[in-house]
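Working notes, structure below.
The values are calculated or read from the model by the stated rules, or taken from the named source; none is laboratory data. Since this is a predicted model, take the numbers as computed values, not measurements. When we count neighbours, we look across all protein chains shown, and the Cβ atoms used for this are built from the backbone with ideal geometry, even at glycine.
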Amino acid sequence: MKQAELAARVGLSRTSITNVECGRQALSLHQLVEFAFALGVEPTDLMPAVNEVREKRDQIYSTELLELVSKLKHRTS
């Protein structure tokens, strides 16, 4: 399915579809359900596995923690 067709089915612009695909725009729960309906799949099929979410979260926290420690080191130097 082309982005323009999906956009028409869910009531968003094609640009919004691009942004969703690239992770620049989040979906609300009702939009997730609309996407699933438009694509003929279950909403859970569009969601990442729990372990993927945890791994990404841990990577983000690790990066943020390292940046914070680095900033603190520079303050005390």
For this session: List the number of the failed condition for L66; all other conditions in (1) surrounded by 10 or more Cβ atoms within 10 Å (Cβ to Cβ); (2) in a loop (DSSP other than H, G, I, E, B) hold.
Result: (2)
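Is it the case that the stretch 9-25 has a residue that's among the hydroxyl-bearing types (S, T, Y), within 15 Å of the chain's Cα centre (by Cα) and surrounded by 13 or more Cβ atoms within 10 Å (Cβ to Cβ)?
Checked the stretch 9-25: at least one residue is among the hydroxyl-bearing types (S, T, Y), within 15 Å of the chain's Cα centre (by Cα) and surrounded by 13 or more Cβ atoms within 10 Å (Cβ to Cβ).
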Seminar exercise, completed: With the first residue restricted to the stretch 50-77 and required to be assigned by TED's automatic domain parsing to the domain that holds G23, and the second required to be surrounded by fewer than 10 Cβ atoms within 10 Å (Cβ to Cβ) and at pLDDT 75 or above, Cβ contacts under 7 Å at 6 or more apart or on different chains are none
